[in-house]
Amino acid sequence: MKILLLCHRFNSLSQRFYCELSDAGHEVSVELDVHPESMVEACELYKPDLVIAPFLKRKIPPKVWQKYTTLVVHPGPPGDRGPNAIDWAILLDEKVWGVTILEATEEYDAGDIWAFRRFPMRFAKKSSLYRQEVTEGAVDCLRDVLEALQRSKVVKRPQGESLFRQRVPEDLRRIEWEKDTTRDLLRKIYSGEGQPGAIARLEGEDYYLFDAYEEGCLKGKPGQIVAKRDEAVCVGTLDGAVWIGYMRKREKHSIKLPSLRVLPERVSEKLREESLKPWDAVDFPTYREIVYWEKKGIGYIAFNFYNGAMSTEQCERLLEVVRYAKRRPTKAFVLLGGEDFFSNGMNLNTIENAESPADESWRNINAMDDVCEEVLTTLDKLTVSALRGNAGAGGVFLALTCDLVFVRDGVVLNPHYKNIGNLYGSEFWTYTLPKKVGWERARLIMENRMPISSKRALELGLIDGVLQKDREGFLRELEHYLEAFTGSPEFEEFLKKKREDRIRDWSIKPLKAYREEELERMRLNFYGFDTSYHIARYYFVRRFLPFRTPPYMALHRRIHSKP
Ligand code: COA
Ligand code: THG
């Protein structure tokens, strides 16, 4: 089929739909919601067999849904309608939630139901529920829909009783330090996670709060900042304390940053640092970005960086842990990345916020490369990356610095640097990628701007295995495999071969030379005449919407523009 995706932006769910549909052999074109007329135009140009809106805020005009079968993904169960579905589910403490694919009609989310899934609610960030439960449920629904269409056996169900919930009013999410318990507070911040955040007054100023964690040990007066760890702050509550990792000033188009970069400097200066090493064991809930643990002779490094973005300082902290892992008497270590994202490469927000974004980009890419180099030069251990969540740009190439790369079924990869101003890229991709797939394919992969599924990545030879979709199952499968492999007679042989292989490679061309060549090109991206990286980053971090759909995703526009 020819399928047209209508999206507000090409977010994680839209990318996953793109991959699922492409893998199933369909031709997929994307139109970003620039204007209602552009949706009509896209249909007229493309003449799709099916239109799907995985993530759309605007109303689809009748000219589209009257003529083409048009389906909308709603991140709520049947009967629930409105623009802030997950937000409400969290605020109202729903125990079971769901996701529905319904037909577009005149009224928002009121059309016939084609498929739905229910799932138990986790007490978690909205963005995490969206990236995990909602996404998996929506993909299951999508499969039902495709199967029904292929067999011409569509069973639609009218909505019946339904409830439209308006946008969440800002005040409902405002933190009231004197009234809210820790749980109330988390509920409010979780419900606004990603966008728009929950407003709170701190140090006499209103901020949007994000990335909140329960603290099980420290306490403080409600609303008073009592400690810092890395760049997060700990704030007292009625019955304990919470950590706030990210904040945004209450101004239009301000950018989300680690809390200590948003609060005035005087706040940071007087705070006590509550340091906690990644390998320290703690038995209470708290905030920690990087955690290291060992199990059966294997070290595991989880780094749950907000949105998978890795600032210079985060890379430096990760580097310290990689060095620690290298010194341990283990046979292997595993880079686990974060839960929602493995890694999305350097942190464009902290770069944008720096006095000189070009200098900060340079520092950040060097810090990323330091981590990559430390992993690549581990010759006496097996190194593994295990992607539980999506990865993009430098995050993918960080994964490729390991000997083995395993990816959870359902993960979406963007193994290229094209989308933020056409960067050349670093992270030793010129060493690792051709080694894995050959130069011909490497070029194709780097020039492709679209996401690929874990299945496709395996076919391309980019990764070594796809493990089960269920997150707990994924970890168990990984552990079993690694425990068996590191305990097998072939393991020593594997390490010996790896060592010889690397030493041979680097006698032909030293590892440093790859890095220097890549960074020479990156220097041009950061400091050269072409400013497209700086412009793209400026718009990206402020979440500006595009003013046209780029032709690389809009097949219909490409075909049309041919002479
Ligand atoms: N440096 C800095 N930031 C980076 C980065 C990098 N290298 N790589 C990625 N990011 C950030 C992006 O800026 C984005 O930031 P955000 O938290 O401000 O959004 C984030 O990582 C990932 O973005 P995206 O892929 O667009 O988000 P998502 O698909 O994972 O979902 C939600 C985010 C849940 C907040 C949002 O999509 C949502 O609200 N969805 C539900 C609403 C809905 O579907 N309603 C129905 C119709 S109205
Ligand atoms: N039918 C048609 N178009 C649609 C949907 C539909 N477009 C996408 C939409 N479903 C997804 N769901 C919603 C539900 C409600 C709202 C938006 C998307 C909504 N919006 C506010 C309004 O219009 O007042 C605010 C709009 C905004 O600020 O973005 O209530 O079923 N044809």
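The values are calculated or read from the model by the stated rules, or taken from the named source; none is laboratory data. Bear in mind the structure is a predicted one, so any value in this text is a computation, not a measurement. Please note: Cβ atoms are built from the backbone with ideal geometry, for glycine as well, and neighbour counts cover all protein chains shown.
So here's what we get for this one:
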{"quantity": "Every pair of residues 6+ apart whose Cβ atoms lie under 6 Å, when the first sits in segment 53-66 and is under 17 Å from Ile101 (Cβ atoms) while the second is within 7 Å of ligand 2 (Cβ to nearest atom)", "calculated": "Ala53/Val72; Ile60/Ala104; Trp65/Ala104"}
{"quantity": "Residue in segment 365-382 that is outside any helix (DSSP H, G or I), among the polar types (S, T, N, Q) and surrounded by fewer than 19 Cβ atoms within 10 Å (Cβ to Cβ) present", "calculated": "yes"}
{"quantity": "Filter result (surrounded by fewer than 22 Cβ atoms within 10 Å (Cβ to Cβ) and touching a Lys or Arg at 6+ places or on another chain (Cβ under 7 Å)) within segment 121-135", "calculated": "Met121"}
{"quantity": "Verdict on Val466 being within 30 Å of Leu21 (Cβ to Cβ), touching a residue at least 12 places away in the same chain (Cβ under 8 Å), within 16 Å of ligand 1 (Cβ to nearest atom) and surrounded by 11 or more Cβ atoms within 10 Å (Cβ to Cβ)", "calculated": "no"}
{"quantity": "Conditions (1) under 26 Å from Gly473 (Cβ atoms); (2) at pLDDT below 95: number failed by Lys418", "calculated": "(1)"}
{"quantity": "Entirely in segment 175-244, the strands (runs of 3 or more DSSP E) that have 2 or more residues that are within 24 Å of the chain's Cα centre (by Cα) and either of a type in the set (Asp, Glu) or closer than 26 Å to Asp340 by Cβ (or both)", "calculated": "198-202, 205-215, 232-237"}
{"quantity": "Check on Gly425, under 13 Å from Gly345 (Cα atoms), in contact (Cβ under 8 Å) with a residue 40 or more places away in the chain and touching a strand residue (DSSP E or B) at 6+ places or on another chain (Cβ under 6 Å)", "calculated": "no"}
{"quantity": "Residue, surrounded by the most Cβ atoms within 10 Å (Cβ to Cβ), within segment 48-68, restricted to residues that are more than 6 Å from ligand 2 (Cβ to nearest atom) and under 24 Å from Arg118 (Cα atoms)", "calculated": "Pro54"}
{"quantity": "Out of Glu106, Glu44, Glu94, Glu37, sole residue that is within 11 Å of ligand 2 (Cβ to nearest atom), free of Cβ contacts under 8 Å to residues at least 60 places away in the same chain and not in a strand (DSSP E or B)", "calculated": "Glu106"}
{"quantity": "Candidate set from segment 197-222 (those that are crowded, with 21+ Cβ neighbours inside 10 Å and acidic (Asp, Glu)); member that is farthest from Pro285 (Cα to Cα)", "calculated": "Asp211"}
{"quantity": "Counted residues, segment 339-357 - those being outside any strand (DSSP E or B) and either away from ligand 1 (no atom under 11 Å from the Cβ) or in contact (Cβ under 8 Å) with a residue 60 or more places away in the chain (or both)", "calculated": "13"}
{"quantity": "In segment 149-173, the residues that are more than 12 Å from Asp109 (Cα to Cα) and surrounded by 10 or more Cβ atoms within 10 Å (Cβ to Cβ)", "calculated": "Leu149, Gln150, Val154, Val155, Lys156, Arg157, Arg167, Val168, Glu170, Leu172, Arg173"}
{"quantity": "Residue match in segment 432-443 (condition: more than 16 Å from ligand 2 (Cβ to nearest atom), closer than 20 Å to Gly299 by Cβ and either surrounded by fewer than 21 Cβ atoms within 10 Å (Cβ to Cβ) or of a type in the set (Phe, Trp, Tyr) (or both))", "calculated": "no"}
{"quantity": "Filtered residues of segment 49-89 (kept if near ligand 1 (Cβ under 9 Å from one of its atoms) and outside any loop (DSSP other than H, G, I, E, B))", "calculated": "Ala53, Pro54, Phe55, Val72, Val73, His74, Ala85, Ile86, Asp87"}
{"quantity": "Single unsatisfied condition, Arg117 versus (1) outside any helix (DSSP H, G or I); (2) farther than 19 Å from Val72 by Cβ", "calculated": "(2)"}
